[in-house]
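Visitor: Please see the structure below; I have some questions.
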Amino acid sequence: MTRPTRRTRGFPLIEMLAVVVVVLGVTGVAIAGYVDISSQNLRAAGLPRDARRATAVLDRVARDLEAARLAVKPDERDPLEHPWVFLAETRRSSEGADRLKFVTLGQPPSASRAAASDLCQVAWLTRQTAEGDLELLRWSFPRLSEGLDRNFPRADDPGVFLVADGLEHFGVRFLDDAGEWSSRWDSSTLAQSSQPPLLAEISVAMAAREPGEPPSEAFVRRVILP
């Protein structure tokens, strides 16, 4: 039998070394990614409690506004019978609208939900507590109304749930195509018919946690509406 040459015996070793190098490289990339994610989580955890809570509110409201849709009303149909609406009103806030109602793209209907729609009505509203701070509520309904419905849900209506409490203020301002900011919007009027705002600016501040403490600074997020 012929003995293997030095080159033949060394070839498997070269392959093994190559595999080890590849595994080490992949492991290094995975560790670097884990360290980066861990660093981000630590930075987020290091934010003040009020900042984390305000950011969560801004994220939630922004997602709904980014999904808002408003259909052009046909000329032959009475605008007051059209179910598509973008409505914003101010009741107690000096920072912008504290009641919003609009239509969003929801989840596509499944076979088991044939009567459902991929459109969803959403409303945001505030409620003042006995302590004087605000609660932020969200309402949703999985289809359009038969006609125009400018009514806002009550706090105890089905589909309403508490998103955040302990707010000092909540408000949304809107930018129109003329570059003017407004705290109100009503797409059922002739002036704003079939027109959503170009931009929404959400502002939220958390109430003081202890007597004598000042409320948090206002946290602001701007959202481009589709």
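The values are calculated or read from the model by the stated rules, or taken from the named source; none is laboratory data. The shown structure was predicted, so the numbers you read here are calculated from the model rather than taken from an experiment. Cβ: placed from backbone, ideal geometry, glycine included. Neighbour counts: every protein chain shown.
Visitor: Would you say Leu65 is closer than 18 Å to Pro196 by Cα, aliphatic (A, V, I, L, M) and at pLDDT below 90?
Guide: no
Visitor: Could you run through region 203-226 and say how many residues are closer than 19 Å to Arg53 by Cα and in a loop (DSSP other than H, G, I, E, B)?
Guide: Residues in region 203-226 being closer than 19 Å to Arg53 by Cα and in a loop (DSSP other than H, G, I, E, B): 10 in total.
Visitor: While we're looking at this one, here's another question. Restricting the first residue to region 134-157 and requiring it to be farther than 17 Å from Cys120 by Cβ, which pairs with a second residue that is basic (Lys, Arg) meet a Cβ separation below 6 Å and a spacing of at least six or different chains?
Guide: Within 6 Å, the pairs are Glu135/Arg127; Ala155/Arg127.
Visitor: Out of all the residues in region 115-133, is one or more of a type in the set (D, E, K, R), within 23 Å of Arg221 (Cα to Cα), modelled with pLDDT under 95 and part of a loop (DSSP other than H, G, I, E, B)?
Guide: yes
Visitor: Quick check on this structure: which one of Phe161, Phe174 is outside any loop (DSSP other than H, G, I, E, B), under 17 Å from the mean Cα position of the chain (by Cα) and surrounded by fewer than 15 Cβ atoms within 10 Å (Cβ to Cβ)?
Guide: Phe161
Visitor: Tell me whether region 180-202 contains one or more residues that are in contact with a Ser or Thr (Cβ under 8 Å, 6 or more places away or on another chain), closer than 27 Å to Ala51 by Cβ, assigned to a strand (DSSP E or B) and not charged (D, E, K, R).
Guide: no
Visitor: Follow-up. Would you confirm whether or not region 143-157 contains a residue that is in a loop (DSSP other than H, G, I, E, B) and on the phi > 0 side of the Ramachandran plot?
Guide: No, region 143-157 has no match at all.
Yes/no matrix, rows are residues, columns are (1) modelled with pLDDT under 70; (2) in a helix (DSSP H, G or I):
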residue	(1), (2)
Asp36	yes, yes
Gln40	yes, yes
Arg43	yes, yes
Asp50	no, yes
Arg53	no, yes
Leu58	no, yes
Lys73	yes, no
Glu76	yes, no
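Visitor: Out of the residues in region 78-94 that are loosely packed, with under 13 Cβ neighbours inside 10 Å and in a helix (DSSP H, G or I), state the one that is modelled with the lowest pLDDT.
Guide: Leu80
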